[in-house]
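**Q** I have a structure here, written as structure tokens, and I will follow up with some questions on it.
Taken together, the values in this text are just the output of simple stated rules run on the coordinates, not laboratory data. If you're wondering where the values come from, they're calculated on a predicted model, not measured in any experiment. Backbone-built Cβ (ideal geometry, glycine too); neighbour counts: all protein chains shown.
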Amino acid sequence: MKKILTAGRHIALLTLPLLLTQCWWYSFSGTSIHPDAQTISVSYIENRAERINPALSNLLTEALMDKYTKLTPLSVINSNGDYAVSGEITGYTIAPMAVTSDEVASMTRLTVTVRIVFENKLDPGENFDKSFSGYEDFDSTISFDAAEGALVDTIIEKIVEDIFNATVANW
């Protein structure tokens with residue numbers, strides 16, 4: 001019985017370093033960052049949508065940089081990071097969603113679409129070029145100008161979370 005316990009301890013001691021090295025990309029914040037990655041560059045997200053919100057590019061770019069700064073050990077730099085995020089806003093649309101019996105829209109939806117290019121210089125297999133979008137509905141009795149600020153903040157939060165998860169959380 002003593003030999004079995006001793007053998008079990010030896011196996012555990014030998015496999016522990018192997019297990020630890022196999023989990024080197026995991027962190028308790030939920031990110032999967034290459035151990036050699038130290039920087040991420042976030043380029044200014046240009047607004048190329050037909051309808052323009054003048055503050056949207058800056059808000060989105062700043063929110064992305066803040067997210068990486070707060071939730072990863074990566075330093076955010078202007079260019080040539082180990083990871084690079086760039087892109088453009090491709091859509092900013094308002095559309096009626098729910099129509100009443102009087103054929104009047106009771107709900108309206110704001111949708112923002114962003115095309116993101118992600119480059120992982122340490123593992124090019126993780127590179128991608130894809131679109132992310134978020135939307136929020138609002139009561140049509142409220143003017144769009146009155147609702148826009150809160151809608152944009154909520155949509156940016158959703159899109160930034162999706163981009164973050166796709167780039168460093170691998171979800």
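**Q** Would you kindly derive the ³J(HN,Hα) couplings of segment 153-160 from the backbone phi angles with the Karplus curve 6.51 cos²θ - 1.76 cosθ + 1.60 (θ = phi - 60°), listing them in order in whole Hz, with x for Gly and Pro?
**A** Per residue, the Karplus-derived 3J(HN,Hα) values read 4, 5, 5, 4, 4, 5, 5, 4 Hz.
**Q** Could you compute the net charge surrounding Thr61? Neighbours are other residues with a C-beta less than 12 Å from the C-beta of Thr61; K and R count +1, D and E count -1.
**A** -3
**Q** Here's a follow-up. Express in nm, to one decimal, how much length is gained between Asp137 and Asp123 on full extension, taking 0.36 nm for each residue of separation and deducting their alpha carbon distance.
**A** Stretched fully, the Asp137-Asp123 segment lengthens by 1.2 nm.
**Q** Give a residue-ordered list of calculated ³J(HN,Hα) values for segment 95-108 (Karplus: 6.51 cos²θ - 1.76 cosθ + 1.60, θ = phi - 60°; whole Hz; x for Gly, Pro).
**A** The phi angles translate into 9, x, 10, 10, 10, 7, 5, 8, 6, 10, 5, 9, 10, 10 Hz.
**Q** What fraction of the DSSP beta bridges in segment 34-169 is antiparallel, stated in percent and rounded to the nearest 5?
**A** Rounded to the nearest five, the antiparallel share is 75 percent.
**Q** For a Förster distance of 35 Å, can you work out the FRET efficiency between the beta-carbons of Asp36 and Glu62, rounded to the nearest 0.05?
**A** The formula returns an efficiency of 0.80 here.
**Q** Could you give the length gained on full extension between Glu50 and Thr111, defined as 0.36 nm per residue of separation minus the Cα-Cα distance, in nm?
**A** 20.7 nm
**Q** A follow-up question, please. Given H placed 1.01 Å from N in the peptide plane, which residues other than close sequence neighbours of Gly87 have an amide H under 5 Å from its amide H?
**A** The list, which skips near neighbours in sequence, is Glu46, Val117.
**Q** Sort Phe118, Phe128 so the one with the fewest other Cβ atoms within 10 Å of its own Cβ comes first.
**A** Ascending Cβ contact count within 10 Å gives the list Phe128, Phe118.
**Q** OK, next. Order these peptides, 145-155, 58-68, by their mean beta-carbon neighbour count within 10 angstrom, highest first.
**A** Highest to lowest by the protection proxy: 58-68, 145-155.
**Q** Based on other C-beta atoms within 10 Å, arrange Tyr83, Tyr92, Tyr135 from fewest to most.
**A** Fewest to most other Cβ atoms nearby, the residues stand as Tyr135, Tyr92, Tyr83.
**Q** Quick one: what are the phi-derived ³J(HN,Hα) couplings along segment 77-92, Karplus 6.51/-1.76/1.60 with θ = phi - 60°, whole Hz, x for glycine and proline?
**A** Those phi angles translate into 10, 6, 7, 6, x, 4, 10, 9, 10, 9, x, 8, 7, 9, x, 8 Hz.
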